[in-house]
Amino acid sequence: EFKLAFHHEKQWRDNQKKGVIRMDDEVFRAIEDGHLFRESLRPRYKPMKVPPFAWSKDEMGGYVKVRTPFISKPTPDQEQALSTADMDEFYDCFNAINQQSYLINGKILPVLKILWDTGGNEIGIPSRNNRPMPAKPVDIEKDMDKLKAWKAEAHDIKVTGQRIEFMQKIKLAEELLEEGEPFYLPHQICFRGRAYPIPLYLHPQGDDITRALLLFGDEREVTERGYYWIRIQACNMWGMDKVSLSARNKWALDNMDQILAWAKDPLQDNGWMEADEPAQFLAACMALAYPDIAKHFPCQIDGSLNGLQHLTATGKCEQGAKVVNLLPSTPDDMPEDAYIDVADNVFNQVKRDAEGGHPTAMWVLPYMQEHGRYLVKQPVMTRWYGVTRIGAREQVRDKLKKLEVPRDKLY
């Protein structure tokens, strides 16, 4: 049967009706499938089956045949500095990161595949099928509320790139799980000295689903102390990460029957999807239910405002150490939160200005009251990495924009 590959349509663009050429959905899917097929013909930068070569002053490390630079996109000055610096201790640390092996979580992968096969649109999994773009209202440019609603609806539909990335992720996870052997992730550093995995799709710096798919390759017997930290991990991923460790542990113990039920049959009872990080939460539930998962399970311990932590530790500043949780504490202590400290100070200042009649303070006060930590977090975090006043202003502006602050007030 003959079918049109393209369709000529009239659509509203820039407040007027214009003729557009739209590709047929079936042709679009064929092109997508072709990309996926071609990417598998000559794969590059996949995880390694053997430990990456060790880096040293005299030897390149990482991949065996596909050579990658130690620093991603280095400048000549950086290359010169690298050639003359004493890097032995840094190489030892970096090689230790490269030597960590991983496995695929065989309990989580089937759940993700079923959710995908039944349409997606759950726990960060993109929609499996294309959906038609919503019609753009005629008077949309004159009505900001209509424009926002249309953009929000259209944004939810534009998931093509996310879908391809998810499919690649699942395909790679299936391959690695079928092989059954540990794999390794060679890294590079950026000019700041931060280490980043080179392989795409599956690495510990990925999103919620990606992290849930990964287990450590080496096996350890899990003690009660180990299960304690897995319970903490479960509580953190549920979203209770701002209370004391004792409270987190108690929450997991109090909800253990439900946690085990979710682990045993996650598709029957999907209450676990309400977690802040649902895939990682389910992975923690499964670690508590299955000893073979627990033996390989990675528990995450997040830093508190890392840049300030480093400066505080280097300067041995007791006042700063308290703010970023570097002082000794007990499991019953509430964790410090420097972002809330800053947000409270900013809120008090804005409140005083609003009471004094300052027009900007008056309209921004409710946003600070409800979203203060969200608004200040990025500038507070990046202050220690050299953010400028202009950069910090743009960060706050972007956050206010996501809170749908009227455009004329953003600047």
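Since every read-out is calculated from the coordinates, none of them should be taken as a lab result. Just so we're clear, the structure is a prediction, and the values are computed from it rather than from any experiment. All Cβ positions, even for glycine, are placed from backbone atoms using ideal geometry, and neighbour counts span all protein chains on display.
Sorting the segments 319-330, 245-256, 165-176 by their residues' average number of neighbouring beta-carbon atoms within 10 angstrom, most packed first, yields 165-176, 245-256, 319-330.
Nearest 20 debye, what's the magnitude of the dipole of the chain about its Cα centre given +1 on Lys and Arg Cβ and -1 on Asp and Glu Cβ?
Charge dipole of the chain: 1460 debye, to the nearest 20.
Highest average first, the peptides 114-123, 373-382 ordered by how many other beta carbon atoms sit within 10 Å of their residues are 373-382, 114-123. Short-range pairs are left out: with C-alpha atoms under 8 Å and at least six residues apart, the relative contact order of the chain is 12 percent.
Highest-first packing order for the peptide set 225-232, 80-87, 347-354 is 225-232, 347-354, 80-87, based on the mean count of other beta carbon atoms within 10 Å. Amide hydrogen proximity for Q188: with H placed 1.01 Å from N in the peptide plane, the residues at 5 or more positions away or on another chain lying under 5 Å are Y196, I198.
As a calculated quantity, the FRET efficiency between H310 and M240 at R0 = 35 Å, using C-beta atoms, amounts to about 0.80. Across the range 208-225, rounded Karplus estimates of 3J(HN,Hα) from the backbone phi angles (6.51 cos²θ - 1.76 cosθ + 1.60, θ = phi - 60°) give 4, 5, 4, 5, 5, 6, 9, 10, 6, x, 7, 10, 10, 5, 9, 8, 4, 5 Hz, Gly and Pro being marked x.
When the pairs K65/K107; K169/K295; K65/K377 are compared against a 30 Å limit on Cα-Cα distance, K65/K107; K65/K377 fall above it.
Stokes-Einstein D for the chain at 10 °C, 1.306 mPa s, Kirkwood Rh over Cα pairs, in µm²/s? If you can, show how the numbers build up before the last one.
Details: Rh = 25.4 Å.
Reported coefficient: 63 µm²/s.
Here the sum of -39500 (n - 2.57) over DSSP H runs of 4 or more residues, divided by the residues of the chain, equals -16000 deg cm²/dmol at 222 nm, to the nearest 500.
Largest GNM mean-square fluctuation among E219, E355, E274, using the chain with Cα springs under 10 Å: E355. Among M273, M362, M237, the largest mean-square fluctuation in a Gaussian network model of the chain, built with springs joining Cα atoms closer than 10 Å, belongs to M362.
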